[in-house]
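Enquirer: For reference, the structure I am asking about is given below.
The values are calculated or read from the model by the stated rules, or taken from the named source; none is laboratory data. Keep in mind that what you see is a predicted model, and the values were worked out from it rather than measured. Cβ: placed from backbone, ideal geometry, glycine included. Neighbour counts: every protein chain shown. Just so you know, the surface numbers come from the protein's heavy atoms only, side chains and all, with ligands and any DNA or RNA stripped out. Shrake-Rupley method; radii C 1.70, N 1.55, O 1.52, S 1.80 Å.
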Amino acid sequence: GLVLSQFEPDFKATPWSFVLRNEVVTALGEVLIVAQADLDSGSMRSAEFALKQGKEIYVLPHRLKESLGTNSLLLNGNAKAIYDIDDFVSKFKEGESQEVIKDEFWQFCSNFPKYEDAVKLYKQKVFEAELEGKIEVKNGVVYLC
């Protein structure tokens with residue numbers, strides 16, 4: 001882990017210090033993801049910093065009159081919506097195929113099945129997926145990689 005701050009160790013947090021912290025956090029990331037934001041919120045200050053820093057902003061879409069900040073970012077063309085998390089994550093995988101194949105086996109494994117159940121139903125696919133690094137088995141449970 002890393003503790004990083006522009007403040008002295010004994011500094012007590014204040015409302016204005018959170019804004020400065022958000023600027024540092026935004027600077028450290030490649031992109032900014034805003035899950036929810038009111039119009040006058042710290043998340044919107046982070047979005048302002050990201051725009052100034054030339055970073056891409058992604059938001060989770062919301063219903064009308066909910067999360068007015070994220071909806072505003074979308075409406076103004078300052079952010080892109082994340083509609084499918086797997087498609088979004090696949091954009092950032094280095095050296096791998098950009099396409100996520102969602103077949104019956106993938107759907108089954110996305111529910112964290114027991115390893116023995118997976119082998120009973122998909123014996124060959126389980127072994128192939130393990131060798132290819134597409135799944136991982138921990139404590140008898142199958143996880144997608």
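Enquirer: Consider Glu48 carefully, then state whether it is surrounded by 14 or more Cβ atoms within 10 Å (Cβ to Cβ) and within 30 Å of Asp87 (Cα to Cα).
Expert: Criteria met by Glu48.
Enquirer: So is Leu131 over 19 Å from Ala35 (Cβ atoms), of a type outside the set (D, E, K, R) and surrounded by fewer than 13 Cβ atoms within 10 Å (Cβ to Cβ) or not?
Expert: Taking the combined requirement at face value, the residue satisfies it.
Enquirer: Assess whether Asp10 counts as being part of a loop (DSSP other than H, G, I, E, B) and closer than 26 Å to Leu68 by Cβ. If you could, list the steps in order and put the result at the bottom.
Expert: Numbers: part of a loop (DSSP other than H, G, I, E, B): yes; closer than 26 Å to Leu68 by Cβ: no.
Criteria not met by Asp10.
Enquirer: Among (1) touching a Phe, Trp or Tyr at 6+ places or on another chain (Cβ under 7 Å); (2) under 30 Å from Thr26 (Cα atoms); (3) free of Cβ contacts under 8 Å to residues at least 12 places away in the same chain, there is one condition Arg63 misses while meeting the rest; what is its number?
Expert: Here Arg63 clears every test but (1).
Enquirer: Still on this model: Please give the number of the condition Glu30 fails out of (1) open to solvent by 80 Å² or more (accessible area, probe 1.4 Å); (2) closer than 30 Å to Lys123 by Cα.
Expert: (2)
Enquirer: Hey, which of the helices (runs of 4 or more DSSP H) in segment 29-145, taking only ones fully inside, have at least 1 residues that are under 30 Å from Val19 (Cα atoms) and in contact with a strand residue (DSSP E or B) (Cβ under 8 Å, 6 or more places away or on another chain)?
Expert: Output list reads 42-52, 68-75, 85-90.
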